[in-house]
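One structure is given here, and the rest of the page talks about it.
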Amino acid sequence: MTKIKESIRYSDQRQIITPDDPVIPFIEGDGTGPDIWCAARIVLDAAVEKAYSGQKNIQWTEVLAGEKAFKQTGNWLPDDTLETIKTFRVAIKGPLTTPVGKGIRSINVALRQELDLYTCMRPVQYITGVPSPMQRPEDVDMIVFRENTEDVYMGLEWESGSAMATRIIEMVNTLGGRQIRAEAGIGIKPISPFGSRRLVKRAIEYALEHDKQSVTLVHKGNIMKFTEGAFRNWGYELAKEEFGDVTITEEALWKQYDGKAPEGKVIIKDRIADAMFQQILLRPAEYDVLATPNLNGDYLSDALAATVGGLGMAPGANIGDGYAVFEATHGTAPKYAGQDKVNPGSLILSGAMMLDYLGWQEAAELVRQSLVKTVEQKTVTYDLARQMEEATQVKCSEFAYAIAGNM
Ligand code: NAP
């Protein structure tokens, strides 16, 4: 008898309801995507089997996007892919190629916008034994909450000399009394109170649930006052209106409590983005949850990943209301495609975030613990091996089997 495919559901209170054998769509990804996806699947299946002895299992189903989709269907992001993810609600993906300065717009961005995956969560934590450029990498324990649907990332751009660019320039020069050069390319940076507030709300909720000390709003509001500056202001407003009894601003902390946070209160502070890049290197212990507009969050999360050993180990999740897509932070690393070489750690740890999201914490913990153990044993892929002494360099797939073997 054919088994009925079960999908993940949400209760009226937006709590996730996960069946024992949920269908989870996956996108392999371009470049090194198939290598890391194959490795991640080995580890995730092993963890679920080990944790639940066959009582639970994931029914993976492939959906197409990127180069593979284009070759098979002539479409980079087929409607069927979006519909399947909407049906089954939670998906995982490898990286997808986006050409620079020409060609198609980002499929990653399209997915985030189509499914309104407005929060991009990127935790960054040091794993013992991983080579790091920091003197005290163990001080790095942060999570970036990056707004995922607005900002210059929306792709509202018009080429130099195009009719739209010319009209906008004329309008700004005439109505706004400014002087944009006639041949400029034009980009628009929308940041709204709605988009900013719902993102900051997620960040504060996370800080409260996970006992974190502070939420830092990272912006370039001194220069971009009505977009990034407004993001900061709306963030403070939201904190006061919805979490007034459990949060305190940094300003009030110093004025009223001599800098010592009262029990049970999350500190809300803000930093200008350029200064924040210094702070993550010089004083990482002072930060734990960062809430940022889209572009800042993109830059910051790659820089943070470098502080704990690089992009190969940096996981990510894109979460909306009712849909979630988990993905590696890095790109397709095309020069290593098909070599079974790169570090699948990022996608494996994204898979652990997915298991957490499903409520399968036992399996998630198994993934994390055995990955840490494998790195501690110095069984690592090329990126870590080239910086570690006496490491055993293994292929992408061998790293996955070593992790599974350590469960
Ligand atoms: P990238 O693919 O992230 O690779 C840059 C470098 O990072 C690699 O050359 C490699 O460094 C290191 N790296 C990346 N992934 C690694 C892994 N799994 N293990 C070990 N090292 C890894 O960045 P890119 O070359 O700028 O971008 C390539 C394509 O990916 C572009 O089309 C871009 O648009 C796309 N992209 C997609 C996503 C996504 O799908 N979410 C995100 C970012 C970029 P070494 O050379 O030092 O070994």
Checking the structure you have, find out if any residue of region 358-369 is out of contact with any strand residue (DSSP E or B) (no Cβ under 7 Å at 6 or more places or on another chain) and within 13 Å of Ala314 (Cα to Cα). yes
Unmet requirement for Pro133, which otherwise passes all of (1) open to solvent by 20 Å² or more (accessible area, probe 1.4 Å); (2) more than 14 Å from the ligand (Cβ to nearest atom); (3) in contact (Cβ under 8 Å) with a residue 60 or more places away in the chain; (4) not charged (D, E, K, R): (2)
Quick test of your reading of the structure: Ser160 fulfils all but one of (1) of a type outside the set (A, V, I, L, M, F, W, C); (2) within 14 Å of the ligand (Cβ to nearest atom); (3) open to solvent by 30 Å² or more (accessible area, probe 1.4 Å). Name the failing condition by number. (2)
Neighbours by Cβ (under 6 Å, 6+ apart or cross-chain): first from region 218-235, farther than 12 Å from Asn296 by Cα; second charged (D, E, K, R) and part of a helix (DSSP H, G or I): Trp234/Arg197
Being out of contact with any strand residue (DSSP E or B) (no Cβ under 7 Å at 6 or more places or on another chain), part of a loop (DSSP other than H, G, I, E, B) and open to solvent by 40 Å² or more (accessible area, probe 1.4 Å) is the filter here; which residues of region 253-271 pass it? Asp258, Lys260, Glu263, Gly264
If you take the residues of region 84-114 that are farther than 20 Å from Asn148 by Cα and more than 15 Å from the ligand (Cβ to nearest atom), which of them is surrounded by the most Cβ atoms within 10 Å (Cβ to Cβ)? Phe88
With a cut-off of at least 1 residues that are surrounded by 22 or more Cβ atoms within 10 Å (Cβ to Cβ) and within 14 Å of the chain's Cα centre (by Cα), name the helices (runs of 4 or more DSSP H) lying wholly within region 288-387. 294-307, 345-358
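The values are calculated or read from the model by the stated rules, or taken from the named source; none is laboratory data. Being a predicted model, the structure only gives us computed values, none of them experimental. Glycine gets a Cβ as well: all are built from the backbone with ideal geometry, and neighbour counts include every protein chain shown. Just so you know, the surface numbers come from the protein's heavy atoms only, side chains and all, with ligands and any DNA or RNA stripped out. Shrake-Rupley method; radii C 1.70, N 1.55, O 1.52, S 1.80 Å.
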